[in-house]
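Q: My questions all concern the structure below.
The values are calculated or read from the model by the stated rules, or taken from the named source; none is laboratory data. Just so it is clear, the model here is predicted, and its values are computed rather than measured. Cβ placement follows ideal geometry from the backbone for every residue including glycine, while neighbour counts extend to all protein chains displayed. These area figures cover heavy atoms from the full protein model, side chains too; ligands, DNA and RNA do not enter into them. Shrake-Rupley method; radii C 1.70, N 1.55, O 1.52, S 1.80 Å.
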Amino acid sequence: EGEGIGFGFGCGQRERAVMMQATAMISFDETYRVRVLDPDVYDDTVRLKEESSTYCEKISQMITAGNDAVSKIEQQAKRIEAIKLAAIGQRNKLSEARESQAKEEKELKQKVLEKQEELERLKAEYDSLFKVKTEQESMIEKLAEHAM
């Protein structure tokens with residue numbers, strides 16, 4: 001490909017065609033600023049930039065909301081765990097109280113049995129002593145009758 005005179009850079013025909021197309025895209029906006037892009041493409045680019053910015057804000061809000069939800073769930077999990085541990089502690093106390101109560105009941109029943117056995121023994125001793133007393137009183141009466 002030969003070199004052209006064009007812009008003084010020694011470009012080939014293909015490069016010159018691209019540059020000519022590029023020069024055809026140069027325009028001015030309503031504030032007289034130079035624009036390289038077609039006004040429709042520029043407007044689409046600006047709109048895409050705004051939509052992208054809005055999308056990023058929404059994603060950021062969603063991430064914040066997600067983090068807040070996770071934080072609240074973790075706090076609730078900690079509260080639940082504390083309540084669970086307290087319930088386990090109460091259950092253990094109740095179990096110990098039941099065991100203690102059962103042990104005390106067994107000891108009391110044993111004491112009742114011992115007291116009943118002692119009562120039976122004392123009744124037998126009383127009956128025996130009463131019998132001896134009755135016999136002695138009867139003998140004293142007989143002796144008193146014979147002595148008179």
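Q: Search segment 33-42 for residues being surrounded by 10 or more Cβ atoms within 10 Å (Cβ to Cβ) and hydrophobic (A, V, I, L, M, F, W, C), and hand back the single one that is modelled with the highest pLDDT.
A: Val41
Q: Now a separate question. Working only within segment 41-97, note down all residues that are within 30 Å of Asp29 (Cα to Cα) and among the charged types (D, E, K, R). Let's see the steps before the verdict.
A: Initial filter on segment 41-97 (within 30 Å of Asp29 (Cα to Cα)): 41-57.
Matches in segment 41-97: Asp43, Asp44, Arg47, Lys49, Glu50, Glu51, Glu57.
Q: Something else about it: Check Leu129, Leu94 and return the single one that is at pLDDT 95 or above and open to solvent by less than 100 Å² (accessible area, probe 1.4 Å).
A: Only one candidate qualifies: Leu94.
Q: Restricting attention to segment 23-32, does a residue exist that is open to solvent by 90 Å² or more (accessible area, probe 1.4 Å), assigned to a strand (DSSP E or B) and modelled with pLDDT under 85?
A: yes
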